[in-house]
Amino acid sequence: MTTSTDTSARARPGEKASPPSYLEHSKGIRSWLFTIDHKRIGVMYLWAVLGAFLLGGLFALLLRTELMNPGPTLIADETKAWDFYNHMFTLHGAVMVFLFVIPAIPAILGNFILPIMLGAKDVAFPRLNLLSFYLYSLGGLFFVWVLLSGVIEAGLDIDLPGGGGLDTGWTFYTPYSTSSSSGVTAATLGAFILGFSSILTGLNFISSIHMLRPEGMTWFRMPLMLWALYGTSIIQILATPVLAITLLLLVAERTLKVGIFDPALGGDPVLYQHFFWFYSHPAVYIMILPGMGILSEVISIHSRKHIFGYRFIAYSSIAIALLGFLVWGHHMFTSGQSALANAIFSLLTFSVSIPSAIKVFNWLATLYKGAIALSTPMLYALGFILLFTIGGLTGLFLGALSVDIHFHDTYFIVAHFHYVMMGSTLFAFLSGMYHWWPKIFGKMTSPRLGWIGAVLVFVGFNLTFFVQFVAGSQGMPRRYANYPEQFTIYHQISTIGAFVLGLGLFVVLADWLWSLRWGKKAPANPWGGNSLEWHCASPPPLENFAIAPTDAGDPYRFDDWVRDEETGGYVKRQESPA
Amino acid sequence: MIPLLADASFWMPEQASNHAAATDRLFYGLLILSTGLFFLVAGVMIAFVWKYRAREGREPEKTPAHSTALELTWTVIPTIVVVAIFYYGFRGYLDMVTSPHNIYEIQVTGYKWGWAFTYPNGYVDENLHVPARRPVRLVLSSQDVIHSVFIPAFRVKKDCVPGRYNKMWFEATREGEYPLYCAEYCGTKHSDMRARVFVEDPSTFRAWLDKAADWVSTMPPVDAGKKLWSARGCSQCHSIDGAPGIGPTFKNLYGKSHPLRDGSTVTVEENYVRQSILEPGSQIVAGFENVMPSYQGRLKDAEVTVIIEFLKSLSDTAPAPIEKLPPAEGAGDGTGDKKEDPR
């Protein structure tokens, strides 16, 4: 269709004078460490968060290996094997929650994409943004110390002051956490600092969305990703301080012996659970909401269809953010809180399922009569729909009081939250990474490696976690280093699945690294999206746009973009005035 | 419901209490509903992806960008469905928390890492025995950190929280032996904090309890001590074969001199052992953490005595039986009176 004369005639406007991309703008390590460019900060987050993910994944494989057989597997001595397992599941949970799932989408993709979607040069407070990154790194160092001190203590058989490792579970339940000799103080201080990183990011996003929207971009013309990040930021700002206070109280109790949660000192351990879950349940929505934002982008753009029911999706993000504050008590159905409280929390818990269901149905309706490309981002988005449906539907079992009593603290819950946090959030994260990768690095990933990775991750994930529903309903309690023979088969399938999943994730990493070196140069708009980030170059120049753009119109109207065979991307339709 | 699903199945363990059938009915109802919904979502998605896949010449077709009627439909229907699920879950839960007035009560104490089930006559066992077809209430508390009683076959679970009492009740419907797990993470040996539930015919249960209550005086002290060692949690941390553990091994402990944490030394004899059982924190052996709960009020004097006798039997310096005693002093090298295992 296109001839060579055609393309030469269609030299993109401004190509001659195009400024260097943000990656090439300045060189040297200092130009990265002291940057206040949201894109570079996003990329630094990317490597830091991926490092944390690698660490958390390593812990997961170690703990799954320990569970391959009942009794001790990796270490011959029983007590040491149990302690090892307890440290592994704690560090896996803490690192994955605080250092990976919570920051992954907002800090990496949110930082990179949000200002460009707004047509802005940067977030509202660029310096605060860099501070937020350094707080993340500092908080991460505390966890690295907890881990290292645990290794040193075990390896050299010595007692470090402050204790080594962490064996309380990521939830730090009292009074176990007040009495444990492991590194609770260091870990909670780390989580405390990470909380501030999260708060500052949320603050930045809310301010940016309020103040930096270009002329013409009303609230209801924002890409849905921005609605999702807005909802997420509300939770980050309102809930995280409660976690910070709770963790400080915990440290005060441990070090100053002030009785707050420990009954031996006159405190109440269930009070801790209320405080902790008042943050940590909304935190679940910090994890999933931005993922839902990615889905709305990817599903619409990769099926070349206008998103269905924009307003319902936008409102449902805010509804989830607000309702998420009212359901924390369902973590305490068996704690002895009153039957009335249990009933109220059960009913409120079900209310969250409605906006989640709306989103799924609207995504499906978006696919209807589209032109659906099975690109790598789309594969993960479709995987998300399947896994999130399973995660959401199994939530119905857990919201129902009588059934929850049986499933509480069993592998059923482990499977459920992995379907939501990993099956859904991780899939959304990978979908978003593949979707915006060409924008971030200016390189295309390999469709073939993308397929192989997606299939391995999907199969491995389901192999790992689906059997855990059955193990749990049969009565297998969670956080068990040792287990009765009857559960062996479930654990073995799960462990094999974990390694398949791990392999799949390494294929994804290989794909990314491959593209950085050998990937095809990415066009400005590889998928044909219409939100503002697709209007600037790939990778974008330092300040994103040469001239501050006005609103680009409906972000989900793709009619003006046609496929350009030469670059493999989409370009503005010729007949439309440029 | 469906007879095939009425008992132990691919999903659920067997039903052995009054709460099990109702819980399972809701579970299977939800299973059918959610399997149906999953295949609906997956089916629609796969059908769309196949039918509308991007291919040569395919252009996306224009369809409405929203439809309030459609969206309200898939808002209202799920709302009705989840309110119904809430209702059934709540109904089942009400039965779990509303116990009959006439009820048999057993006190349950969780500790790191074991269970003490105390019956009305004062007898304490590490396993739970309950009469079949009689309502039973467990009054739950904890010695140290939070534990949780979980009996899968009964579909019941409740936390043992230090500083407060929680209650659960059930009526076991079927004689047999069932596992009981600790479901709230409580430290190193959380996963070994398991017990068995014996459901017995009421007359068998009564006979067992009468006999069990008097067991310390019915057997040789060394045997009684060994039974207490395994039943009351000692065995979790103190081995009897010399293997290292969370506490010092009992093998050859009695009669030995032990360096303490504060630098002094103590000889392990009757009074030290008694002190260590009742006030574990008072004299800690060097190289160990003080994690042992106090047994003050949980072991009777006679029980402490037989535990001491059991310790003696594990030691090279144990008192010898009379037939092995030499006639005079000066020859007591202790050769030949080693007793590895009193049984």
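The values are calculated or read from the model by the stated rules, or taken from the named source; none is laboratory data. Bear in mind the structure is a predicted one, so any value in this text is a computation, not a measurement. Positions of Cβ are backbone-derived with ideal geometry, glycine not excepted, and every protein chain shown enters the neighbour counts.
Details
- Of all residues in segment A:366-393, those being over 20 Å from the mean Cα position of the chain (by Cα), buried (at least 24 other Cβ atoms within 10 Å of the Cβ) and more than 7 Å from chain B (Cβ to nearest Cβ) number 1.
- Subset tally (residues that are in contact with a Leu (Cβ under 8 Å, 6 or more places away or on another chain) and not aliphatic (A, V, I, L, M)) for segment A:76-102: 7
- Total residues in segment A:464-491, condition at pLDDT below 95 and assigned to a strand (DSSP E or B): 0
- Qualifying residue in segment B:115-123 (condition: of a type in the set (Gly, Ala, Ser), under 23 Å from A:PHE345 (Cβ atoms) and touching an Asp or Glu at 6+ places or on another chain (Cβ under 8 Å)): no
- Filtered residue count, segment A:103-126, keeping only those that are assigned to a helix (DSSP H, G or I) and surrounded by fewer than 24 Cβ atoms within 10 Å (Cβ to Cβ): 1
- Test set (1) facing chain A (nearest Cβ under 7 Å); (2) in a loop (DSSP other than H, G, I, E, B); (3) surrounded by 15 or more Cβ atoms within 10 Å (Cβ to Cβ) - B:GLU59 fails condition number: (3)
- Check on A:ASN86, closer than 30 Å to A:TYR480 by Cβ and touching a Gly at 6+ places or on another chain (Cβ under 9 Å): yes
- Residue match in segment A:102-112 (condition: closer than 17 Å to A:LEU46 by Cα, among the polar types (S, T, N, Q) and over 15 Å from the mean Cα position of the chain (by Cα)): no
- Among (1) in a helix (DSSP H, G or I); (2) more than 9 Å from chain A (Cβ to nearest Cβ); (3) in contact (Cβ under 8 Å) with a residue 60 or more places away in the chain; (4) small (Gly, Ala, Ser), the one test that B:SER99 misses: (1)
- Summed over segment B:9-27, the residues that are at the interface with chain A (Cβ under 10 Å from one of its Cβ atoms), among the hydrophobic types (A, V, I, L, M, F, W, C) and in contact (Cβ under 8 Å) with a residue 60 or more places away in the chain give a count of 3.
- The residues listed here are A:THR90, A:THR65, A:THR79; of these, the one that is buried (at least 24 other Cβ atoms within 10 Å of the Cβ) and part of a helix (DSSP H, G or I) is A:THR90.
- Cβ pairs under 8 Å, 6+ apart, first in segment A:116-127 and over 11 Å from A:THR201 (Cα atoms) and among the small types (Gly, Ala, Ser), second at pLDDT 95 or above and assigned to a helix (DSSP H, G or I): A:ALA120/A:SER208
- Within segment A:181-223, tally of residues that are over 16 Å from A:LEU249 (Cα atoms) and within 14 Å of chain B (Cβ to nearest Cβ): 4
- Taking the criterion of being surrounded by 14 or more Cβ atoms within 10 Å (Cβ to Cβ), assigned to a helix (DSSP H, G or I) and either of a type outside the set (Phe, Trp, Tyr) or more than 7 Å from chain A (Cβ to nearest Cβ) (or both), the residues of segment B:39-55 that qualify are B:VAL41, B:ALA42, B:VAL44, B:MET45, B:VAL49.
- Count of residues meeting criterion [within 21 Å of A:PHE465 (Cα to Cα) and either of a type in the set (D, E, K, R) or in contact with a Gly (Cβ under 7 Å, 6 or more places away or on another chain) (or both)] in segment A:400-412: 7
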